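Q: The structure follows.
The values are calculated or read from the model by the stated rules, or taken from the named source; none is laboratory data. Keep in mind that this is a model prediction, so the values were computed, not measured. Here the Cβ is made from the backbone with ideal geometry for all residues, glycine too, and neighbour counts use every protein chain on show. Remember, those area values only see protein heavy atoms, side chains included, never the ligands or the DNA or RNA. Shrake-Rupley method; radii C 1.70, N 1.55, O 1.52, S 1.80 Å.
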Amino acid sequence: MQILCKKEKGGAVMYHFSIRQNNLEPNAFGLDNIELKDGVFGKPLYELTGAEIEDIRNRLILERKRIVLYTVAVPYDRIELYREVFRKAMLLRIEHIKICLCTLADTGEETIQNLRAVLSHAEACGIPILFEPREKHPLFTYEWYGKIRTEWTGIVFDPLEYVKKKENPFLKVLYKNKYRHDVKVLRIHDGLYEGGVPTLPERGNGEIKECTSALLAFGFDGYFSLREYGVDLQEAYRAFLHMLTQM
């Protein structure tokens with residue numbers, strides 16, 4: 001969904017929001033851009049039959065929803081499974097596939113080559129691949145990301161993950177990151193350095209306003225992502241919308 005927040009020089013400024021869901025049911029925000037993870041339909045995407053894919057596609061049309069981010073966790077050497085993932089993602093018109101880093105056991109040359117093969121198939125299908133650096137994926141670094149980066153890869157950036165490590169998400173990470181233009185999804189998660197306690201946007205150390213402002217200045221046209229992170233999600237949504245109107 002696009003949200004109009006202000007007028008600027010006679011033109012409308014639109015922002016894109018998405019929400020993480022566990023099903024295709026309507027959400028309280030009226031958002032039609034949704035994020036799903038593998039297994040939400042009872043089995044991995046690559047195992048879904050043609051009839052099941054058609055049923056899901058029809059439900060998406062009826063609910064007027066679009067899957068903008070779908071997360072899979074498939075071993076990087078299972079190229080045949082990724083072929084099925086991408087083929088079915090095309091049928092469902094999934095915008096981005098996020099490869100879960102939970103199966104990342106090493107960052108050696110073999111892993112790099114396997115991932116490059118996966119990314120090559122994704123590019124052939126016209127599907128961008130996103131990665132999300134998180135505290136529980138310590139092997140992922142932006143230097144390593146640079147070894148597999150293509151025009152068809154991108155980043156999901158979550159400020160709260162850096163707050164948990166007592167790092168400045170904007171000043172120490174995003175601002176200095178040469179891959180900041182690769183950010184396609186910004187999680188609007190804020191929190192405190194002390195214990196990583198979640199807060200509403202702009203009430204913590206997540207530098208949400210700075211991250212948002214910088215990304216927009218870089219030409220960001222991706223998604224501001226909503227998902228449960230320990231605060232009232234509707235309050236977080238309203239707080240972030242208010243912040244946008246003040247920028």
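Q: Run through the DSSP bridge list for the stretch 101-218 and note the antiparallel percent, rounded to the nearest 5.
A: DSSP beta bridges in the stretch 101-218 are roughly 25 percent antiparallel.
Q: Quick check: residue separation of T49 and T245 times 0.36 nm, minus the Cα distance between them. What number comes out in nm?
A: Taking T49 through T245 to full extension adds about 66.1 nm, to one decimal.
Q: How high is the relative contact order of the stretch 53-128, in percent, with contacts defined as C-alpha pairs under 8 Å that are six or more residues apart?
A: Answer for the stretch 53-128 is 39 percent.
Q: Return the label of the correct value of Kirkwood radius over Cα pairs in Å, as calculated from the structure shown, out of (1) 18.2; (2) 20.2; (3) 18.9.
A: Computed from the coordinates, Kirkwood radius over Cα pairs in Å corresponds to (3).
Q: Give me the lysines in straight-line cross-link reach of K43: C-alpha distance below 16 Å, same-chain residues under 8 apart excluded.
A: Reachable lysines: K88.
Q: Evaluate the charge dipole of the chain about its Cα centre and quote only its size in Debye, nearest 20, assuming +1 on the Cβ of each Lys and Arg and -1 on the Cβ of each Asp and Glu.
A: I would put it at about 520 debye.
Q: Leaving out ligands, DNA and RNA, what percent of the accessible area of the chain is carbon and sulfur, probe 1.4 Å?
A: Taking all protein chains in place, the chain shows 48 percent carbon and sulfur surface.
Q: How much solvent-accessible surface does I208 expose, in Å² to the nearest 10, with a 1.4 Å probe and all protein chains in place?
A: About 0 Å², rounded to the nearest 10.
Q: Ordering F240, F218, F29 from largest to smallest accessible area (1.4 angstrom probe), what's the sequence?
A: Result, largest first: F218, F29, F240.
Q: Further question: Using r as the Cβ-Cβ distance of K176 and E151, and R0 as 22 Å, what FRET efficiency do you calculate, to the nearest 0.05?
A: Efficiency at R0 = 22 Å is approximately 0.50.
Q: If you roll a 1.4 Å probe over the heavy atoms of the protein chains, what accessible area per residue do you get for the chain, in Å²?
A: Per-residue value: 49 Å².
Q: Just going by the charge dipole of the chain, with Lys and Arg at +1 and Asp and Glu at -1 on Cβ, which of L91, A73, I19 is farthest out on the positive end?
A: Final value for the positive-end residue is I19.
Q: Can I ask one more? E194 to A28: extension gain in nm, 0.36 nm per residue of separation minus the Cα-Cα distance?
A: Extending this stretch completely gives an extra 56.6 nm.
Q: Over 20 Å between Cα atoms: which of K136/K165; K136/K164; K37/K166; K136/K178 fall into that group?
A: Violating the 20 Å Cα-Cα cut-off are K37/K166; K136/K178.
Q: If you don't mind, another one. With n ≥ 4 as the cut-off for DSSP H runs, can you work out [θ] at 222 nm for the chain, using -39500 (n - 2.57) per run divided by the number of residues, rounded to the nearest 500?
A: After summing the helix terms and dividing by the residues of the chain, the value is -10000 deg cm²/dmol.
Q: Report relative contact order for the chain in percent, whole number only (criteria: Cα-Cα under 8 Å, sequence separation at least 6).
A: 16 percent
Q: Considering only the chain, what is the antiparallel percent among its DSSP beta bridges, to the nearest 5?
A: If I count the DSSP bridges inside the chain, around 25 percent turn out antiparallel.
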